[in-house]
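Asker: Got a structure for you, written out below as C-alpha coordinates; questions coming shortly.
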Amino acid sequence: MKNTGICPKCDSKSILRIPGNAGAYGSGNNIMTGITVLSAVKVTRYLCCECGYSEEWIDDKKDIKKLIDSFKEIY
(Lines give C-alpha, C1' and ligand atoms only; values in the text may rest on other atoms or scores of the structure.)
Protein backbone atom coordinates (compact mmCIF):
# COMPACT_ATOMS: atom_id res chain seq x y z
CA MET A 1 0.00 0.00 0.00
CA LYS A 2 2.88 2.34 0.78
CA ASN A 3 4.29 2.07 -2.72
CA THR A 4 1.17 1.53 -4.82
CA GLY A 5 -1.51 3.42 -2.91
CA ILE A 6 -3.79 0.43 -3.49
CA CYS A 7 -4.92 -2.17 -0.95
CA PRO A 8 -3.62 -5.63 -1.94
CA LYS A 9 -6.68 -7.29 -0.40
CA CYS A 10 -9.63 -5.32 -1.84
CA ASP A 11 -8.04 -2.98 -4.45
CA SER A 12 -9.33 0.13 -2.69
CA LYS A 13 -7.47 3.40 -3.17
CA SER A 14 -8.76 4.76 0.13
CA ILE A 15 -5.54 4.43 2.13
CA LEU A 16 -4.82 6.24 5.38
CA ARG A 17 -1.19 6.92 6.39
CA ILE A 18 -0.74 7.00 10.17
CA PRO A 19 2.71 8.35 11.10
CA GLY A 20 4.69 6.61 13.81
CA ASN A 21 5.31 8.42 17.07
CA ALA A 22 7.35 7.97 20.19
CA GLY A 23 5.99 9.09 23.52
CA ALA A 24 6.94 8.84 27.16
CA TYR A 25 7.98 5.42 28.46
CA GLY A 26 8.13 4.00 24.92
CA SER A 27 4.48 4.58 24.16
CA GLY A 28 3.34 5.07 20.57
CA ASN A 29 3.91 3.15 17.37
CA ASN A 30 7.65 2.55 17.56
CA ILE A 31 10.39 0.06 18.27
CA MET A 32 12.69 0.93 21.14
CA THR A 33 16.40 0.34 20.48
CA GLY A 34 17.64 1.81 23.76
CA ILE A 35 16.49 3.17 27.08
CA THR A 36 15.30 6.66 26.12
CA VAL A 37 12.61 7.87 23.74
CA LEU A 38 15.40 9.29 21.57
CA SER A 39 16.33 5.72 20.60
CA ALA A 40 12.86 4.93 19.24
CA VAL A 41 12.44 3.93 15.60
CA LYS A 42 9.07 5.17 14.38
CA VAL A 43 6.81 2.71 12.58
CA THR A 44 4.36 4.15 10.04
CA ARG A 45 1.04 2.35 9.49
CA TYR A 46 -0.93 2.23 6.25
CA LEU A 47 -4.60 1.38 6.70
CA CYS A 48 -7.20 0.51 4.08
CA CYS A 49 -10.36 2.46 4.92
CA GLU A 50 -12.53 -0.08 3.07
CA CYS A 51 -11.53 -3.49 4.45
CA GLY A 52 -9.32 -2.62 7.44
CA TYR A 53 -6.16 -4.31 6.17
CA SER A 54 -3.02 -2.63 7.52
CA GLU A 55 0.73 -2.67 6.93
CA GLU A 56 3.59 -1.31 9.02
CA TRP A 57 6.72 0.20 7.49
CA ILE A 58 10.02 1.66 8.65
CA ASP A 59 10.36 4.66 6.32
CA ASP A 60 13.98 5.69 6.99
CA LYS A 61 16.84 3.42 5.81
CA LYS A 62 19.01 4.76 8.67
CA ASP A 63 16.43 3.40 11.11
CA ILE A 64 16.62 -0.05 9.52
CA LYS A 65 20.40 -0.03 10.10
CA LYS A 66 19.74 1.06 13.70
CA LEU A 67 17.42 -1.94 14.18
CA ILE A 68 19.95 -4.36 12.68
CA ASP A 69 22.62 -3.04 15.04
CA SER A 70 20.30 -3.31 18.04
CA PHE A 71 18.94 -6.77 17.29
CA LYS A 72 21.89 -8.31 15.41
CA GLU A 73 21.90 -11.44 17.57
CA ILE A 74 18.47 -12.24 16.11
CA TYR A 75 19.36 -11.11 12.57
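The values are calculated or read from the model by the stated rules, or taken from the named source; none is laboratory data. Just so we're clear, the structure is a prediction, and the values are computed from it rather than from any experiment. Here Cβ is always computed from backbone atoms with ideal geometry, including for glycine, and neighbour counts include all displayed protein chains. Accessible surface areas use protein heavy atoms only, side chains included; no ligands, DNA or RNA. Shrake-Rupley method; radii C 1.70, N 1.55, O 1.52, S 1.80 Å.
Asker: Please compute the contact order of the chain in relative form: average sequence separation of alpha-carbon pairs under 8 Å and at least six residues apart, divided by the residue count, as a percent.
Answerer: 25
Asker: How large is the direction-averaged shadow of the alpha-carbon convex hull of the chain, in nm²? The partial results should precede the final answer.
Answerer: Numbers: hull surface 22.6 nm².
Averaging across all directions leaves 5.7 nm² for the Cα convex hull.
Asker: So what is the calculated 222 nm ellipticity per residue for the chain, using -39500 (n - 2.57) for each DSSP H run with n of 4 or more, over all residues, to the nearest 500 deg cm²/dmol? Don't skip to the answer; put the middle values down first.
Answerer: Details: 1 runs with 10 residues, N = 75.
Taken over the chain, the calculation gives -4000 deg cm²/dmol.
Asker: Considering only protein heavy atoms and a 1.4 Å probe, what is the carbon-and-sulfur percentage of the accessible area of the chain?
Answerer: Values: 2950 of 5350 Å².
Roughly 55 percent, rounded to a whole number.
Asker: Which of the cysteines in the chain are isolated, no other cysteine C-beta under 4.7 Å?
Answerer: Cys49, each lacking another Cys Cβ under 4.7 Å.
Asker: How large is the accessible surface per residue of the chain, computed with a 1.4 Å probe and reported in Å² as a whole number? Mind dumping the intermediate values first?
Answerer: Working: 5350 Å² over 75 residues.
Solvent-accessible surface per residue comes out at 71 Å².
Asker: Using each residue's phi in the range 59-66, evaluate 6.51 cos²θ - 1.76 cosθ + 1.60 at θ = phi - 60° and report the 3J(HN,Hα) Karplus result to the nearest Hz, with x for Gly and Pro.
Answerer: Per residue, the Karplus-derived 3J(HN,Hα) values read 7, 9, 4, 5, 5, 5, 4, 4 Hz.
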